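What follows is a set of notes on a single structure, which appears directly below.
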Amino acid sequence: MARQKHESPRAVPVDASHAAALFGAQQATGNETANVADTATQLPLVLDLDGTLIRTDVLAETFIAYLRRNPLRLFQVIVWLFMGRAVLKQKLAHAAEIDVAGLPVTEDLVSFAAREAAHGRDVHLATAADMSVAERVRERFPFISRVFASNGDINLKSREKARVLAEAFPDGFAYAGNSRADLAVWQAAGETIIVNPAPGLVKAARAIRAPSQIIAWPRRGLRFAAKVLRLHQWAKNGLIFAPLLLGGVLFEAAAWGQAAAGFLALSVLASATYLLNDLFDLADDRRHWSKRTRPLASGALPIAHALVLIPAGMAVAYAIAALAIGTVGVAFLTAYLAVTLAYSFSLKKIELLDAAVLASLFTLRLGFGVALAGVVLSPWLLVFSMFLFLSLSFAKRHVEVTRMEARGRSTAAGRGYKAGDGPMVAMIGAASGLAAVQVLVMYVMNEAYRAGAYVAPVMLWAVPPILFLWIARIWLLAQRGELDDDPVAFAVKDPPSLLLGFMLGFVFLVALFGSPV
């Protein structure tokens, strides 16, 4: 069948609802013959699903959704895998519910396919995902007229997909795919469209024919890697260095070496646990106003890559702790990991308790620093840490609750808070902040002068008002709705907070070593 080269219209990013509106509006015009001359020579357009129409993998999505409630289900997944990939896909699709409407899409391809359908071109979906999921995808994208998918007996991928499509479209078809498994399909197709190609794929596809379109996702660089690892969150682990200052060992190289090793080990482990938490929060994050841009939720980081990075990060963290620190380091990492996993799987869904768990993780960091520095730190300061970070944790929850209410939602996704909880959360959080200031005052009154670690302990009286100003600023911005979701991440970018932090550090140095004048 002779065909003319088809030039696609300029792709305008749209979401699925906009694409549906575009398709429906243009169908309703009644101008069904306006593009007959153009569409008569066009091949039917067939779209792959995983990594093409959507920026994720359905099998991985159902796998994570299935394990979310009970990780021990992994053993059942292994049994299904031995029965064949088609059976595995069907079992997971029926056993695990995924939010198809929230799956991230390739907006340029959605826009292009909707426009083509609106001009009379047949658009179909051919995927190795199970038919039950594929049908739900068709409901989301009304421009898709027919679905080809796996069915429990046949895994519709590569050569099998090429065979089925060649039989369905003997006069040829255009195919949009993204992986080397699609090379066999392009061999049977009459037009090649490449989406987010892996390295070397374009060259291999060109050996078959020149692609009519290449739709590439944004390139990933160092900034993307920093976002995946949440490097900005490593600032929280700076608490490990606080005992060096407070314990009077600021100029001891051995203490710094131990603290640095602990900081690196805990930071790598934290990055791995953040990824793990994001995996189990995929559906909730995609409904969140800011978390939906995270690498996993947005589809920028494949789930398969995360499943490799998580155990790799944990292994590196434990290796650093075992080799550079010893038993103490391994013990603290294990305690941190246990609390974090309990939070990720269950405790974060329990209102009030979730904030207390987050505060305990901050205090655990401080305790880790005490052990690494080999100093004796006052219990007053550990209690102070609990109240301070309890206040900051509630500030984070207050922001989430108020924004949830502003969007007309009655419950927080993945959390136990409901509309109307904002005032109570604010009251508890502000009270916790004031309690932290009070505990610090009691420390200065009852212990700082007798500790012997301070040359000028009178300077410590400047700490409570500085701390009060910062806590008050955090809560004022939270009340105004101007605070980021995470107060700690906000503080490291906020000039007034950085200034107050500099003043706090200067005061402690003068208290420890005396005035330089």
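Bear in mind that the values in this text are calculations on the coordinates, not laboratory data. Not measured: the values here are computed from a predicted model. As a convention, Cβ positions derive from the backbone with ideal geometry for all residues, glycine included, and neighbour counts pool all protein chains shown.
The table that follows gives values for the structure above.
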quantity: Axial C-alpha extent at least 18 Å, average Kyte-Doolittle at least -1.0 - helices from the chain (DSSP); calculated: 253-280, 303-320, 327-345, 353-373, 379-406, 422-443, 463-480, 495-513
quantity: nm² value of the averaged projected area, convex hull over the Cα atoms of the chain; calculated: 28.3
quantity: Label-point separation in nm, Ala312 to Val458, each point 7 Å along Cα→Cβ; calculated: 5.7
quantity: Partners for Lys91 among lysines (Cα-Cα distance below 25 Å; same-chain residues under 8 apart left out); calculated: Lys157, Lys161
quantity: The range 131-200-the range 258-272 distance, computed between alpha-carbon centres (Å); calculated: 45
quantity: In Å, descending, principal axis extents of the Cα set of the range 397-463; calculated: 55, 19, 15
quantity: Distance from the range 204-240 to the range 443-514 (C-alpha centre basis), Å; calculated: 37
quantity: Value of D in µm² per second that Stokes-Einstein yields for the range 220-376, Kirkwood Rh from Cα pairs, at 37 °C (0.692 mPa s); calculated: 200
quantity: Per residue convex hull volume, Cα atoms of the range 378-517, in Å³; calculated: 106
quantity: D_trans [Stokes-Einstein, Kirkwood Rh over alpha-carbon pairs] for the range 129-287, 37 °C, 0.692 mPa s, µm² s⁻¹; calculated: 161
quantity: Over 26 Å between alpha carbons, listed pairs Lys349/Lys493; Lys227/Lys396; Lys89/Lys418; Lys89/Lys227; Lys227/Lys348; calculated: Lys349/Lys493; Lys89/Lys418; Lys89/Lys227
quantity: Inter-site label distance for Ser212 and Leu509 at 7 Å from Cα along Cβ, in nm; calculated: 6.7
quantity: Taking N as its residue count, the alpha carbon Rg of the range 74-167 over 2.2 N^0.38 Å; calculated: 1.20
